Amino acid sequence: MSKTKDLGSSKKPDRIRSSTLRPETLGRLDTIDTRAKPGFDGSKSDGAKLLTKRGERLAGLQELLYAGGRSGDTRSVLLVLQGMDTSGKGGIVRHVMGMVDPQGVSHASFGKPTDEELEHDFLWRIKKKLPDPGQIGVFDRSHYEDVLVVRVHDLVPMPVWQKRYEEINAFERELVDAGTTVVKAMLHISPDAQRERLAKRLDRPDKYWKFNPADIDERAYWSGYQEAYQAMLEETDTDVAPWHVVPADRKWYARLAITELVIDALEAMDLGWPDPDFDVEHEKKRLAES
Ligand code: AMP
Ligand code: MG
């Protein structure tokens, strides 16, 4: 009997579709199992194997995007990563974007705004970090902090953050119209997973640097954050810039899923090698004669 079962499950899916991770498919945050592996029924080692393979695909597509950018194609990709502390945003940047040529990646993380940043509109610091043509930009936190931590802690009056959902939608629409594919992903973890990860930061000298005592205080606001994340998903999940929710208690799954989201985005761009802006045969002849 067990043989039949093994045979039945031996065909592992070879990719996770973006549509699998849409909020409309997964449902409300509080109903999602943060240990789930939507679209993938393999083990951790299956996932690691697949990640290597899909990393090669990602690198190939990224090279096409980069080549296009060097040849006048103005398109780019922006990966927006949001998630609670310890949700694995930094790991995504290292492990996923680490699989592609660093020349083609721009990275920005957004912490507590500086005094100068606070003097400007909340999108001011974001606009300065948008990817150039041909680049994949990765945001570790983003303009969404201005409707998350800001909402949870009343850092501005309600009418001000309330208006930001619409401002964000308009901003992202402009970005997309100008040729940037926006890939938005929320890494969704459980409070227990966060406790474990914070505990690790306190147990290991090589992790102390990641620990911030304020992270423990923030845990008291967990439900407020979940509410703010849910509102974010409802208010800013648009056709041009849709959200994805990635269950992230299993880091290997989250990394694989994000890789697939970026691959999907790049494939939809229908990229190709740019035509030469010189006469190939003529240049071959000149080279031979040189
Ligand atoms: P980390 O990502 O661990 O370096 O932490 C960055 C911190 O900056 C987090 O606690 C964020 O909530 C906070 N942060 C990011 N953007 C904002 C913002 N617009 N207003 C207030 N705090 C922010
Ligand atoms: Mg932190």
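The values are calculated or read from the model by the stated rules, or taken from the named source; none is laboratory data. Keep in mind that this is a model prediction, so the values were computed, not measured. So basically every Cβ, Gly included, is an ideal-geometry build from the backbone, and we count neighbours across all protein chains shown. Each accessible area value is taken on the protein alone, full model and side chains, heavy atoms only, with ligands, DNA and RNA left out. Shrake-Rupley method; radii C 1.70, N 1.55, O 1.52, S 1.80 Å.
State which entries of Lys53/Lys112; Lys49/Lys128; Lys53/Lys210; Lys37/Lys89; Lys44/Lys129 exceed 27 angstrom in Cα-Cα distance in the structure shown. Walk me through the numbers before you get to the answer.
Working: Lys53/Lys112 37 Å; Lys49/Lys128 37 Å; Lys53/Lys210 30 Å; Lys37/Lys89 18 Å; Lys44/Lys129 34 Å.
The answer is Lys53/Lys112; Lys49/Lys128; Lys53/Lys210; Lys44/Lys129.
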| request: Quick one: among Ala220, Ala67, Ala231, which has the greatest mean-square fluctuation in a GNM of the chain with alpha-carbon springs under 10 angstrom? | output: Ala220
| said: From the convex hull of the Cα coordinates of the chain, what is the mean projected area in square nanometres? | reply: 21.0
| note | At R0 = 25 Å the Cβ-Cβ FRET efficiency linking Ala59 and Leu287, nearest 0.05, sits at 0.30
| field | Label-point gap, in nm, between Ile216 and Asp30 - each point 7 angstrom along Cα→Cβ | value | 2.8
| said: For Lys207, give me every one of the aspartates and glutamates with a C-alpha distance below 20 angstrom, ignoring sequence neighbours fewer than eight places off in its own chain. | reply: Asp85, Asp140, Asp192, Glu196, Asp215, Asp217, Glu218, Asp249
| task | Could you check how much of the accessible area of the chain is carbon and sulfur, as a whole percent, using a 1.4 Å probe? | result | 51
| note | For Val183, the residues 5 or more places away or on another chain with a placed amide H closer than 5 Å to its own amide H are Leu78, Leu79, Val80
| request: Taking only Cα atoms and a 10 Å spring cutoff, compute GNM fluctuations for the chain and point out the largest among Val160, Val105, Val240. | output: Val160
| request: Apply the membrane-span-like helix rule to the chain: whole DSSP H runs, Cα extent along the own long axis of at least 20 Å, mean Kyte-Doolittle hydropathy at least -0.5. List the helices found. | output: 251-268
| Say we join alpha carbon atoms closer than 10 Å with springs in a Gaussian network model of the chain; which of Lys251, Lys207, Lys89 then has the biggest fluctuation? | Lys207
